[in-house]
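Please read the structure below before turning to the comments.
The values are calculated or read from the model by the stated rules, or taken from the named source; none is laboratory data. Since the model is a prediction, treat every value here as computed from it, not as a measurement. Glycine gets a Cβ as well: all are built from the backbone with ideal geometry, and neighbour counts include every protein chain shown.
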Amino acid sequence: MKTHIFILLLATLTTICSSHLAKRHRLKLLAAKEGSKRRLIRRAVPVVLWHGMGDCCCNPMSMGAITRLIEKNVNGIYVKSLMLGENIASDTERGFFANMNELVELACAQIRNDSLLSQGYNAVGFSQGGQFLRAVAERCPSPPMRNLISVGGQQQGVFGLPYCPGDTIVCNTIRKLLDMGAYTSYVQNNVVQAQYWHDPMHEDDYRSKNIFLADINNEKNQNKEYKKNLLYLKNLVLIKFLRDQLVIPKESSWFGYYKENDLDTILPINETRLYKEYWEKTPLFKDLIGLRKLDETNRLHFVAVDGQHLQIPPEVFEKEVIEKYLK
(Lines give C-alpha, C1' and ligand atoms only; values in the text may rest on other atoms or scores of the structure.)
Protein backbone atom coordinates (compact mmCIF):
# COMPACT_ATOMS: atom_id res chain seq x y z
CA MET A 1 0.00 0.00 0.00
CA LYS A 2 2.74 2.41 0.99
CA THR A 3 4.61 1.57 -2.22
CA HIS A 4 1.61 2.66 -4.29
CA ILE A 5 1.34 5.89 -2.31
CA PHE A 6 4.94 6.82 -2.97
CA ILE A 7 5.57 5.57 -6.49
CA LEU A 8 4.89 8.80 -8.39
CA LEU A 9 6.51 11.07 -5.80
CA LEU A 10 9.61 8.94 -5.46
CA ALA A 11 10.06 8.43 -9.18
CA THR A 12 10.13 12.17 -9.72
CA LEU A 13 12.52 12.83 -6.86
CA THR A 14 14.78 9.98 -7.93
CA THR A 15 15.14 11.52 -11.38
CA ILE A 16 16.10 14.99 -10.13
CA CYS A 17 18.35 13.78 -7.32
CA SER A 18 20.29 10.77 -8.57
CA SER A 19 22.34 12.62 -11.18
CA HIS A 20 23.98 14.61 -8.39
CA LEU A 21 25.15 11.63 -6.35
CA ALA A 22 28.06 10.85 -8.68
CA LYS A 23 29.34 14.42 -8.43
CA ARG A 24 29.11 14.26 -4.64
CA HIS A 25 31.13 11.02 -4.50
CA ARG A 26 33.77 12.43 -6.88
CA LEU A 27 34.23 15.47 -4.66
CA LYS A 28 34.63 13.27 -1.60
CA LEU A 29 37.25 11.10 -3.32
CA LEU A 30 39.13 14.18 -4.50
CA ALA A 31 39.21 15.57 -0.98
CA ALA A 32 40.41 12.25 0.41
CA LYS A 33 43.29 12.09 -2.09
CA GLU A 34 44.74 15.36 -0.91
CA GLY A 35 46.32 13.51 2.03
CA SER A 36 49.29 15.37 3.46
CA LYS A 37 48.35 18.55 1.59
CA ARG A 38 45.24 18.80 3.78
CA ARG A 39 47.39 18.77 6.89
CA LEU A 40 49.55 21.65 5.68
CA ILE A 41 46.71 23.98 4.73
CA ARG A 42 44.12 25.34 7.13
CA ARG A 43 40.86 24.09 5.71
CA ALA A 44 37.32 25.21 6.41
CA VAL A 45 35.33 23.21 8.94
CA PRO A 46 33.18 20.66 7.05
CA VAL A 47 29.40 21.02 6.96
CA VAL A 48 26.72 18.37 7.47
CA LEU A 49 23.22 18.98 6.06
CA TRP A 50 19.96 17.23 6.95
CA HIS A 51 17.04 17.89 4.60
CA GLY A 52 13.40 18.42 5.50
CA MET A 53 10.16 16.49 5.00
CA GLY A 54 9.37 15.56 1.41
CA ASP A 55 12.92 16.30 0.26
CA CYS A 56 16.00 14.20 -0.38
CA CYS A 57 19.70 14.54 0.23
CA CYS A 58 20.59 15.57 -3.29
CA ASN A 59 17.73 17.50 -4.86
CA PRO A 60 19.48 20.10 -7.06
CA MET A 61 16.76 22.65 -6.29
CA SER A 62 17.12 22.37 -2.50
CA MET A 63 20.06 20.64 -0.83
CA GLY A 64 22.05 20.79 -4.05
CA ALA A 65 21.52 24.55 -4.26
CA ILE A 66 22.54 25.00 -0.61
CA THR A 67 25.65 22.90 -1.17
CA ARG A 68 26.65 24.99 -4.19
CA LEU A 69 26.02 28.22 -2.28
CA ILE A 70 28.28 27.11 0.57
CA GLU A 71 30.98 25.88 -1.80
CA LYS A 72 30.87 29.17 -3.71
CA ASN A 73 31.49 31.16 -0.54
CA VAL A 74 33.98 28.89 1.23
CA ASN A 75 36.94 27.60 -0.78
CA GLY A 76 37.68 23.90 -0.47
CA ILE A 77 34.89 23.17 1.99
CA TYR A 78 33.53 19.64 2.29
CA VAL A 79 29.73 19.45 2.47
CA LYS A 80 28.02 16.19 3.40
CA SER A 81 24.27 15.99 2.79
CA LEU A 82 22.98 13.04 4.79
CA MET A 83 21.18 10.27 2.91
CA LEU A 84 19.25 8.16 5.41
CA GLY A 85 18.02 5.54 2.98
CA GLU A 86 19.65 2.95 0.78
CA ASN A 87 18.86 5.16 -2.22
CA ILE A 88 17.17 8.43 -3.13
CA ALA A 89 13.68 6.93 -3.03
CA SER A 90 13.99 5.46 0.45
CA ASP A 91 15.75 8.61 1.69
CA THR A 92 12.64 10.60 0.76
CA GLU A 93 10.30 7.95 2.17
CA ARG A 94 12.07 7.96 5.52
CA GLY A 95 11.22 11.62 5.91
CA PHE A 96 7.66 10.37 6.46
CA PHE A 97 7.82 6.77 7.65
CA ALA A 98 10.61 5.76 10.05
CA ASN A 99 11.62 5.44 13.68
CA MET A 100 13.56 8.64 14.36
CA ASN A 101 15.69 7.12 17.10
CA GLU A 102 16.96 4.61 14.55
CA LEU A 103 17.53 7.29 11.92
CA VAL A 104 19.48 9.48 14.34
CA GLU A 105 21.73 6.54 15.17
CA LEU A 106 22.22 5.93 11.44
CA ALA A 107 23.13 9.60 10.97
CA CYS A 108 25.57 9.38 13.87
CA ALA A 109 27.21 6.34 12.29
CA GLN A 110 27.57 8.09 8.92
CA ILE A 111 29.17 11.10 10.58
CA ARG A 112 31.38 8.98 12.83
CA ASN A 113 32.62 6.85 9.91
CA ASP A 114 33.44 9.77 7.61
CA SER A 115 37.14 10.52 8.04
CA LEU A 116 36.67 14.02 6.61
CA LEU A 117 34.52 14.88 9.63
CA SER A 118 36.82 13.42 12.27
CA GLN A 119 38.06 16.79 13.55
CA GLY A 120 34.58 18.25 13.90
CA TYR A 121 31.93 19.83 11.72
CA ASN A 122 29.20 22.44 11.52
CA ALA A 123 25.61 21.32 10.99
CA VAL A 124 22.69 22.90 9.16
CA GLY A 125 19.25 21.30 9.46
CA PHE A 126 16.27 22.29 7.37
CA SER A 127 12.76 22.03 8.81
CA GLN A 128 12.52 18.71 10.69
CA GLY A 129 16.21 18.18 9.95
CA GLY A 130 16.86 20.93 12.50
CA GLN A 131 15.63 18.98 15.50
CA PHE A 132 17.09 15.75 14.12
CA LEU A 133 20.57 17.29 14.05
CA ARG A 134 20.05 18.59 17.59
CA ALA A 135 19.44 14.97 18.58
CA VAL A 136 22.77 14.12 16.95
CA ALA A 137 24.49 16.85 18.98
CA GLU A 138 22.96 15.56 22.22
CA ARG A 139 23.45 11.84 21.66
CA CYS A 140 26.63 11.64 19.59
CA PRO A 141 29.28 14.13 20.78
CA SER A 142 32.13 12.57 18.79
CA PRO A 143 33.18 13.90 16.37
CA PRO A 144 32.20 17.27 17.82
CA MET A 145 29.50 19.42 16.29
CA ARG A 146 30.72 23.02 16.51
CA ASN A 147 27.84 25.20 15.31
CA LEU A 148 24.25 24.05 14.80
CA ILE A 149 21.97 26.09 12.56
CA SER A 150 18.29 25.12 12.61
CA VAL A 151 16.45 26.57 9.59
CA GLY A 152 12.74 26.50 10.39
CA GLY A 153 13.12 23.49 12.70
CA GLN A 154 10.25 22.37 14.93
CA GLN A 155 12.29 22.41 18.13
CA GLN A 156 9.24 22.27 20.41
CA GLY A 157 7.25 20.15 18.00
CA VAL A 158 4.05 20.95 16.13
CA PHE A 159 0.32 20.83 16.73
CA GLY A 160 -0.96 20.85 13.18
CA LEU A 161 0.09 19.81 9.67
CA PRO A 162 -1.71 22.27 7.36
CA TYR A 163 0.73 22.59 4.47
CA CYS A 164 2.49 19.25 4.27
CA PRO A 165 4.83 19.31 1.23
CA GLY A 166 5.00 16.57 -1.33
CA ASP A 167 2.38 14.17 -2.63
CA THR A 168 -1.15 14.96 -1.42
CA ILE A 169 -1.96 11.29 -0.83
CA VAL A 170 1.08 10.93 1.42
CA CYS A 171 0.21 14.03 3.42
CA ASN A 172 -3.40 12.95 3.83
CA THR A 173 -2.24 9.54 5.03
CA ILE A 174 -0.03 11.21 7.66
CA ARG A 175 -2.93 13.39 8.82
CA LYS A 176 -5.23 10.36 9.17
CA LEU A 177 -2.65 8.47 11.20
CA LEU A 178 -2.15 11.47 13.50
CA ASP A 179 -5.91 11.79 13.92
CA MET A 180 -6.17 8.07 14.72
CA GLY A 181 -3.85 8.53 17.65
CA ALA A 182 -0.52 10.31 17.49
CA TYR A 183 0.66 8.72 20.73
CA THR A 184 -0.30 5.12 19.99
CA SER A 185 2.64 2.75 19.83
CA TYR A 186 2.26 1.94 16.13
CA VAL A 187 2.03 5.57 15.01
CA GLN A 188 4.88 6.66 17.28
CA ASN A 189 7.21 4.01 15.94
CA ASN A 190 6.38 4.48 12.28
CA VAL A 191 5.27 8.04 11.51
CA VAL A 192 8.05 10.62 11.67
CA GLN A 193 5.77 13.61 12.22
CA ALA A 194 4.06 11.88 15.17
CA GLN A 195 7.43 11.72 16.89
CA TYR A 196 7.49 15.50 17.21
CA TRP A 197 3.72 15.90 17.62
CA HIS A 198 3.29 17.99 20.77
CA ASP A 199 -0.32 18.24 21.97
CA PRO A 200 -0.52 21.09 24.52
CA MET A 201 -3.95 19.87 25.61
CA HIS A 202 -2.54 16.46 26.55
CA GLU A 203 0.92 17.22 27.92
CA ASP A 204 1.00 14.10 30.09
CA ASP A 205 0.48 11.88 27.05
CA TYR A 206 3.16 13.77 25.15
CA ARG A 207 5.73 13.45 27.92
CA SER A 208 5.04 9.80 28.64
CA LYS A 209 4.31 8.38 25.17
CA ASN A 210 6.27 10.46 22.67
CA ILE A 211 9.36 8.42 21.80
CA PHE A 212 11.56 11.12 20.30
CA LEU A 213 11.00 14.85 20.91
CA ALA A 214 10.04 14.48 24.57
CA ASP A 215 13.26 12.51 25.03
CA ILE A 216 15.67 14.94 23.35
CA ASN A 217 13.95 17.82 25.18
CA ASN A 218 14.59 16.01 28.48
CA GLU A 219 10.90 16.07 29.33
CA LYS A 220 10.59 12.29 29.45
CA ASN A 221 13.58 11.09 31.43
CA GLN A 222 16.47 12.95 32.97
CA ASN A 223 19.58 12.59 30.84
CA LYS A 224 22.38 14.88 31.95
CA GLU A 225 24.49 13.82 28.97
CA TYR A 226 22.06 15.52 26.58
CA LYS A 227 22.50 18.86 28.32
CA LYS A 228 26.26 18.44 28.68
CA ASN A 229 26.68 17.53 25.02
CA LEU A 230 24.50 20.36 23.72
CA LEU A 231 26.58 22.81 25.75
CA TYR A 232 29.66 21.77 23.74
CA LEU A 233 28.23 23.83 20.87
CA LYS A 234 29.93 27.10 20.08
CA ASN A 235 26.64 28.46 18.76
CA LEU A 236 23.03 27.35 18.40
CA VAL A 237 21.32 29.40 15.70
CA LEU A 238 17.53 29.31 15.38
CA ILE A 239 15.91 30.65 12.21
CA LYS A 240 12.18 31.39 12.25
CA PHE A 241 10.03 32.27 9.22
CA LEU A 242 7.60 35.04 10.09
CA ARG A 243 4.95 33.85 7.61
CA ASP A 244 5.47 30.14 8.23
CA GLN A 245 2.30 28.13 7.66
CA LEU A 246 3.89 24.70 7.93
CA VAL A 247 5.34 24.93 11.44
CA ILE A 248 2.38 25.33 13.81
CA PRO A 249 3.06 27.33 15.89
CA LYS A 250 5.90 29.07 14.05
CA GLU A 251 7.36 30.07 17.44
CA SER A 252 8.48 26.45 17.80
CA SER A 253 11.42 27.35 15.55
CA TRP A 254 12.65 29.55 18.44
CA PHE A 255 11.69 27.00 21.13
CA GLY A 256 8.49 28.89 21.92
CA TYR A 257 5.26 26.94 22.36
CA TYR A 258 1.67 26.91 23.53
CA LYS A 259 1.04 27.29 27.22
CA GLU A 260 -0.20 24.02 28.67
CA ASN A 261 -3.98 23.63 28.13
CA ASP A 262 -4.16 27.03 26.42
CA LEU A 263 -4.14 27.32 22.62
CA ASP A 264 -4.53 31.09 22.80
CA THR A 265 -1.22 31.73 24.57
CA ILE A 266 2.21 31.07 23.08
CA LEU A 267 5.11 31.30 25.50
CA PRO A 268 8.49 32.68 24.39
CA ILE A 269 11.51 30.50 24.98
CA ASN A 270 12.44 32.06 28.33
CA GLU A 271 9.03 31.22 29.79
CA THR A 272 9.00 27.57 28.71
CA ARG A 273 9.71 24.46 30.76
CA LEU A 274 12.88 23.77 28.78
CA TYR A 275 14.43 27.10 29.69
CA LYS A 276 13.53 27.42 33.36
CA GLU A 277 12.19 24.17 34.79
CA TYR A 278 14.10 21.72 36.94
CA TRP A 279 13.55 18.11 37.91
CA GLU A 280 11.66 17.79 41.18
CA LYS A 281 13.88 15.00 42.50
CA THR A 282 17.10 16.79 41.57
CA PRO A 283 16.59 20.54 42.08
CA LEU A 284 20.11 21.32 40.86
CA PHE A 285 19.24 20.00 37.40
CA LYS A 286 17.79 23.26 36.12
CA ASP A 287 17.63 24.35 32.48
CA LEU A 288 16.58 21.00 31.01
CA ILE A 289 18.80 20.91 27.89
CA GLY A 290 21.06 23.91 28.41
CA LEU A 291 19.16 26.63 26.53
CA ARG A 292 19.45 29.10 29.39
CA LYS A 293 23.19 28.51 29.70
CA LEU A 294 23.66 28.95 25.96
CA ASP A 295 21.68 32.18 26.15
CA GLU A 296 23.60 33.55 29.14
CA THR A 297 26.92 32.84 27.42
CA ASN A 298 25.83 34.54 24.17
CA ARG A 299 25.78 31.30 22.21
CA LEU A 300 22.04 31.21 21.47
CA HIS A 301 21.04 33.27 18.45
CA PHE A 302 17.65 34.10 16.92
CA VAL A 303 17.17 35.03 13.27
CA ALA A 304 13.82 36.11 11.79
CA VAL A 305 13.19 35.78 8.05
CA ASP A 306 10.19 37.49 6.45
CA GLY A 307 8.94 34.62 4.36
CA GLN A 308 7.08 31.32 4.18
CA HIS A 309 8.58 28.07 5.41
CA LEU A 310 12.19 27.63 4.20
CA GLN A 311 11.93 30.62 1.85
CA ILE A 312 15.28 32.09 2.78
CA PRO A 313 16.90 34.27 0.08
CA PRO A 314 20.46 33.23 -0.86
CA GLU A 315 21.85 36.58 0.24
CA VAL A 316 20.26 36.16 3.68
CA PHE A 317 21.65 32.63 4.01
CA GLU A 318 25.08 33.94 3.05
CA LYS A 319 24.93 36.81 5.55
CA GLU A 320 23.28 35.07 8.51
CA VAL A 321 24.68 31.55 8.17
CA ILE A 322 27.74 31.26 5.94
CA GLU A 323 29.54 34.48 6.87
CA LYS A 324 28.91 34.17 10.60
CA TYR A 325 29.18 30.44 11.28
CA LEU A 326 30.58 28.46 8.34
CA LYS A 327 33.68 30.44 7.38
Consider residue 201 against the criteria (1) free of Cβ contacts under 8 Å to residues at least 60 places away in the same chain; (2) assigned to a loop (DSSP other than H, G, I, E, B); (3) farther than 30 Å from residue 142 by Cβ: it satisfies all of them except one. Which criterion is unmet?
(1)
Index of the failed condition, residue 284 passing every other in (1) at pLDDT below 95; (2) assigned to a helix (DSSP H, G or I); (3) loosely packed, with under 14 Cβ neighbours inside 10 Å:
(2)
Among all residue pairs at least 6 apart or on different chains, which show Cβ distances below 6 Å where the first residue, located in the stretch 76-92, is small (Gly, Ala, Ser) and the second is assigned to a strand (DSSP E or B)?
81/49
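For every residue, the table says whether it meets (1) β-branched (Val, Ile, Thr); (2) at pLDDT 75 or above; (3) not in a loop (DSSP other than H, G, I, E, B).
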residue	(1), (2), (3)
150	no, yes, yes
155	no, yes, no
160	no, yes, no
164	no, no, no
170	yes, yes, yes
174	yes, yes, yes
178	no, yes, yes
186	no, yes, yes
194	no, yes, yes
Of the candidates 266, 239, the one satisfying the condition of being at pLDDT 95 or above and more than 21 Å from the chain's Cα centre (by Cα) is 266
Could you check the stretch 86-103 and list, in sequence order, the residues that are closer than 14 Å to residue 189 by Cβ and crowded, with 23+ Cβ neighbours inside 10 Å?
96, 100
Is there a residue being touching a His at 6+ places or on another chain (Cβ under 8 Å) and either surrounded by fewer than 22 Cβ atoms within 10 Å (Cβ to Cβ) or assigned to a loop (DSSP other than H, G, I, E, B) (or both) anywhere in the stretch 65-79?
no
In the stretch 204-235, what residues are surrounded by fewer than 19 Cβ atoms within 10 Å (Cβ to Cβ), of a type outside the set (A, V, I, L, M, F, W, C), assigned to a loop (DSSP other than H, G, I, E, B) and touching a helix residue (DSSP H, G or I) at 6+ places or on another chain (Cβ under 6 Å)?
220
From the list 110, 119, which residue is assigned to a loop (DSSP other than H, G, I, E, B) and either at pLDDT 95 or above or buried (at least 22 other Cβ atoms within 10 Å of the Cβ) (or both)?
119
Any chance the stretch 123-139 includes a residue that's closer than 23 Å to residue 255 by Cα, in a loop (DSSP other than H, G, I, E, B) and of a type outside the set (Phe, Trp, Tyr)?
yes
Residue check for residue 83: at pLDDT 90 or above, under 22 Å from residue 317 (Cα atoms) and assigned to a loop (DSSP other than H, G, I, E, B)
no
Let me spell it out: the conditions are (1) part of a loop (DSSP other than H, G, I, E, B); (2) modelled with pLDDT under 95; (3) touching a helix residue (DSSP H, G or I) at 6+ places or on another chain (Cβ under 8 Å), and residue 244 meets all of them except one. Which number is the exception?
(2)
Within the stretch 236-265, which residues are loosely packed, with under 15 Cβ neighbours inside 10 Å and free of Cβ contacts under 8 Å to residues at least 40 places away in the same chain?
264, 265
Could you please find all residues in the stretch 289-327 being outside any helix (DSSP H, G or I), closer than 28 Å to residue 276 by Cβ and in contact (Cβ under 8 Å) with a residue 60 or more places away in the chain?
289, 290, 299, 300, 301, 302, 303, 304, 305
